[in-house]
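The values are calculated or read from the model by the stated rules, or taken from the named source; none is laboratory data. All values reported here derive from a predicted model rather than from experimental measurement. Note that each Cβ is placed from the backbone with ideal geometry, even for glycine, and that neighbours are counted across all protein chains shown. SASA here: full protein model, heavy atoms, side chains in, ligands and nucleic acids out. Shrake-Rupley method; radii C 1.70, N 1.55, O 1.52, S 1.80 Å.
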Amino acid sequence: MTSRRLDAYVLGAANAGKSSLLNHILAASPTQRVDGSGRAGKRGEVAAPQLTTSHLPGTTLGFVKTAQLGGRHALYDTPGLVLPNQLTTRLTADELAAVVPKRRGQPVSLRLEEGRSLLLGGLARLDLVAGRPFLFTAYLSDAVTLHPTATAKAAEVRRKHAGGVLTPPASL
């Protein structure tokens with residue numbers, strides 16, 4: 001029986017952390033290099049993983065071979081998949097830079113009850129149509145404003161204040 005070559009590709013939405021995940025995996029495997037050679041550097045050191053990461057989507061532009069596994073299998077980083085309903089595809093470059101957190105944010109918790117809505121900037125709206133009150137916790141960039149309001153007024157508040165009090169977007 002002949003053995004076949006099986007390669008692994010890390011797939012996921014744009015800016016989901018695929019390259020960061022692979023950097024952590026490769027860092028835990030001291031015999032691997034991003035080019036998959038496993039060759040040692042100066043004085044027997046192995047090069048650290050060097051996959052480029054960014055808080056903005058679109059950093060990985062093509063398939064990147066990250067490691068040779070067991071001599072016959074390769075591990076590849078891939079560009080992110082653009083999903084049709086992905087919010088980041090609807091933002092300008094400036095808005096995207098503002099929305100994507102650059103550091104670990106502090107959680108913000110707000111109580112949401114029946115008949116109330118929470119506006120996440122001018123980007124999204126959460127409504128509690130029916131049910132018991134609960135605490136909603138958001139981990140957002142400081143550039144995204146949270147605004148609780150009555151559900152009956154939410155559409156008007158968003159229309160009137162998106163791009164102003166409710167940011168982002170600024171392009172409305």
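By accessible area of protein heavy atoms, probe 1.4 Å, what ranking do LYS102, LYS65 get, highest first?
Putting LYS102, LYS65 in descending order of accessible area: LYS102, LYS65.
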Each label sits 7 Å from Cα toward the beta-carbon; between ALA150 and ASP94 the label points are separated, in nm, by 3.5 nm
Using a ≥ b ≥ c from the Cα gyration tensor of the range 53-172 (square roots of the eigenvalues), is it rounded, prolate or oblate, where a/c under 1.5 gives rounded and otherwise the larger of a/b and b/c decides, a/b for prolate?
prolate
Counting only protein heavy atoms, what percent of the accessible surface of the range 94-151 is carbon or sulfur at a 1.4 Å probe?
55 percent
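What number comes out for the charge environment of ASN15, summing +1 per Lys or Arg and -1 per Asp or Glu over other residues with Cβ under 15 Å away? Please list the in-between numbers first.
On the way: positive: LYS18, ARG90, LYS102; negative: ASP77, GLU95.
The answer is +1.
Among DSSP bridges having both ends in the range 49-166, what percentage is antiparallel? Round to the nearest 5.
Numbers: 20 of 21 bridges.
In the range 49-166, DSSP labels about 95 percent of beta bridges as antiparallel.
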